[in-house]
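Quick notes on the structure that follows.
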Amino acid sequence: MKGFGTDAAPGVYPRTVKHAMGETVIPAKPVRVVVLDTGELDNVVSLGIQPVGVVHTDGSKSMPSYLKDKTGDPAAVGTVNSLNLEAIAALKPDLILGSRLRAQDQYAQLSKIAPTVFSLRPGHPWKQNFQLNAAPFGLEAEAKAQLDAYQAAATAIGAKLGDKRPTITPLRFMPGKTRLYAELSFIGTVLADVPLPQPEIEQVKELAVEISPEQIDKADADWVFYGVYGTPSSTNQDAVLGGPLWKTLGAVKSGQARPVSDETWFLGLGVSAANVVLADLKGFVAPGA
């Protein structure tokens, strides 16, 4: 991520933005932006920009509720894993924001439609991605101010807790898999910023650790916060939560296993989602912070 962004002064165009796929010239301040993932959506909306086009996740075809009143009415241009290039072109965008991990194969085609800026990947580098997404608009200072405010809020939670830091497991039920999110995830970075420790099994440089329903005891921590991707019936959430092993978890016995919003804890991937997660954490583990 080092070296990504622009050296141009605020308000100066054209500007060149360095990013994961090289360099892109932005001829004028963009006004018609298409975003290709939930993180880019969070980023532009956090900067006060309403995109003209968005993709949806495979788990939901609606706008994230935590952003709904700020997004305007953007057109749908496919899903995160299946972009509709014709729909994108029809919107006549002047900027496309995405990531190399998600859409490297479509980069050349997207660049013919509009100037395109890609981060390396969504998720754990969300702060750098925010700064990168701000660069075409000349809003890096605004992005930094929001990140500083976020960190101050995270630090305040940590200060309230003092030396009594409970362990936290972010648990996610998905179709065909159950995950314990680890250090190289969006939620992992938010926990580290407080900081709040995770159980040893999650202290790995990975996005997540996958477990089977029969291994749900590995999720145990002082607090277990669980989300579900898409429709609960397409996952094993109900079977796990209704099963005998779940009831043996210390967090369950102490009433500290709680459902949380998947769209903020696991899908938001931006500063607005991170602030919602902090508010959730504050309410659960540090009331009064």
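Taken together, the values in this text are just the output of simple stated rules run on the coordinates, not laboratory data. Being a predicted model, the structure only gives us computed values, none of them experimental. In this analysis, Cβ positions are derived from the backbone assuming ideal geometry, glycine residues included, and neighbour counts consider all displayed protein chains.
Here, P(r) means the percent of Cα pairs in each 5 Å bin from 0 to the largest distance; for segment 1-103 it is 2, 12, 22, 24, 21, 12, 6, 1. FRET efficiency for the pair Val204 and Asp105, taken as 1/(1 + (r/R0)^6) with r the Cβ-Cβ distance and R0 = 30 Å, rounds to 0.55.
Extension gain, Ala141 to Val12: 0.36 nm times the residue separation minus the Cα-Cα distance gives 45.0 nm. Legend: residue pairs Lys61/Lys205; Lys61/Lys160; Lys68/Lys247; Lys177/Lys205; Lys70/Lys253, Cα-Cα distance threshold 28 Å; pairs beyond threshold, Lys61/Lys205; Lys61/Lys160; Lys68/Lys247; Lys70/Lys253. Quick one: grab the alpha carbon gyration tensor of the chain, order the square roots of its eigenvalues as a ≥ b ≥ c, and give me rounded if a/c is under 1.5, else prolate or oblate depending on whether a/b is larger than b/c. Because a/c hits 1.5 or more and a/b exceeds b/c, the chain counts as prolate. Cross-link reach is defined here as a Cα-Cα straight distance under 20 Å, omitting same-chain residues fewer than 8 places apart; for Lys112 the lysines meeting it are Lys18, Lys29, Lys92.
For the peptides 157-163, 89-95, what is the packing order when you average, over each peptide's residues, the other Cβ atoms within 10 Å and list the highest mean first? Walk me through the numbers before you get to the answer.
Values: 157-163: 12.7, 89-95: 18.3.
Ranked by mean Cβ neighbours within 10 Å, highest first: 89-95, 157-163.
For segment 15-138, the relative contact order comes to 32 percent (Cα pairs under 8 Å, sequence separation of at least 6).
Would you mind getting me the FRET efficiency between Lys112 and Ser212? Use the beta-carbon distance for r and R0 = 30 Å, nearest 0.05. Taking R0 as 30 Å, the efficiency between Lys112 and Ser212 is 0.10. Taking the Cα centre of segment 147-289 as origin, sum charge times position over the Cβ atoms of Lys and Arg (+1) and Asp and Glu (-1), and report the length of that vector in debye to the nearest 20. Charge dipole, segment 147-289, about its Cα centre: 280 debye, nearest 20.
Taken along the Cα-to-beta-carbon direction at a fixed 7 Å, the label points for Asp148 and Thr231 span 4.8 nm.
Once you list every other residue whose beta carbon is under 15 Å from the beta carbon of Gly11, what net charge do they have if Lys and Arg are +1 and Asp and Glu are -1? List each step's numbers first, then the result.
Working: positive: Arg15, Lys29; negative: Asp7, Glu140, Glu142.
Spelling it out: positives minus negatives among the neighbours equals -1.
Straight-line cross-link partners of Lys282 among the aspartates and glutamates, defined as a Cα under 16 Å from its Cα and at least 8 positions apart when in the same chain: Asp163, Asp193, Asp222.
Helical content of the chain, expressed as a calculated mean residue ellipticity at 222 nm, amounts to -9000 deg cm²/dmol (DSSP H runs of 4 or more residues, -39,500 (n - 2.57) each, divided by residue number, nearest 500).
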